[in-house]
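Below is one structure, written out as structure tokens, with a few remarks after it.
The values are calculated or read from the model by the stated rules, or taken from the named source; none is laboratory data. What you are looking at is a predicted structure, and each value in this text was computed from that prediction instead of being measured. Every residue, glycine among them, receives a Cβ derived from its backbone with ideal geometry; neighbour counts consider all protein chains shown.
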């Protein structure tokens, strides 16, 4: 039997799933909400959107065109978030360079991705200078500067085309971003953990938007909503690690307050938690260990802070210690190839009366549930389990 489809009218519009829609959502919902940096600099969503437009215009003035690749080497800052939107919204590809790779691996990824422009924090200049004579010719450099010096006064043999904030200040806002096929490549990064050189992975606009919508939907079904409109979000997972697990896109779409801590220093992270009243973060177990040690040293309760732990197994002893300090933790599982979130595990409200050790055991479980289908929400076996991605990646190895 043939499918029976509605005939579209000539004026019907197939709305593409583009990253610019996520930014438009956040600015429309909360134009005066804040995006805060570790140095206390504050942007409203309205100001942030203008900087995104200026960045796109500035990159275009450097010759960036649709299909070109823009690389970034930076800590977690508002600049990185601006690149998350500006670069793919203009039809280019954002290469999030893993600055924790070896110099040789970074060299390989820069050349393999065929980067056209590289935005680099001044702290990574020694690393970049070490490999620059083997980087393919023709790449332009933009300085991301945290030390209050102009591109001309930074001590390096590298030649910069312009400094980041100067680029934005000189550019006019690009307000009319193009509409294109949502299967257009948006980002690329490189995974390790296999033999040989790092493997390139890319994601389309459609995949990133679907991941954003599905994770948001899954989290909204837990209790009264686990990721609510009044959250204060601070990632402690690097942006280069699978888009910080996709959460910056969710946070921006919702228009929630965002806090960016730059380089990961435990005392600074805990201070930002207190100062900005952070309620939601995510990190790997080693960072959690640092945060707990800092909080214990200072006698600080972490009550009211929800934390997703991924990237490695969450040890029961670490989970126990976090819960004792008031942290509400969730163990997660995912892969670079799945954008990345697959499952999260934590306590449902009915489990709050369980004995403590049983809660610890359940909190640290991320596998072992029956076969997990790719739906937006899954709960089984008295635990809280859900999958939140229906996207896949392409390999460019």
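See the values below:
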| item | result |
| --- | --- |
| Given (1) outside the structural domain of residue 175 (by TED's automatic domain parsing); (2) buried (at least 20 other Cβ atoms within 10 Å of the Cβ), index of the condition residue 29 fails | (2) |
| Sole exception among (1) surrounded by 14 or more Cβ atoms within 10 Å (Cβ to Cβ); (2) touching a helix residue (DSSP H, G or I) at 6+ places or on another chain (Cβ under 8 Å); (3) without any contact (Cβ under 8 Å) to a residue 60 or more places away in the chain for residue 298, by number | (1) |
| Residue count for the range 171-222, restricted to those that are over 16 Å from residue 242 (Cβ atoms), in a loop (DSSP other than H, G, I, E, B) and in contact with a helix residue (DSSP H, G or I) (Cβ under 6 Å, 6 or more places away or on another chain) | 10 |
| Unmet requirement for residue 170, which otherwise passes all of (1) closer than 22 Å to residue 114 by Cβ; (2) more than 20 Å from the chain's Cα centre (by Cα) | (1) |
| Pairs, first under 20 Å from residue 332 (Cβ atoms) in the range 354-370, second outside any loop (DSSP other than H, G, I, E, B) and modelled with pLDDT under 60, C-beta under 8 Å, six or more apart | 362/383; 365/383; 369/380; 369/383; 369/385; 370/380 |
| Subset of the range 260-290 [free of Cβ contacts under 8 Å to residues at least 12 places away in the same chain and assigned to a loop (DSSP other than H, G, I, E, B)] | 265 |
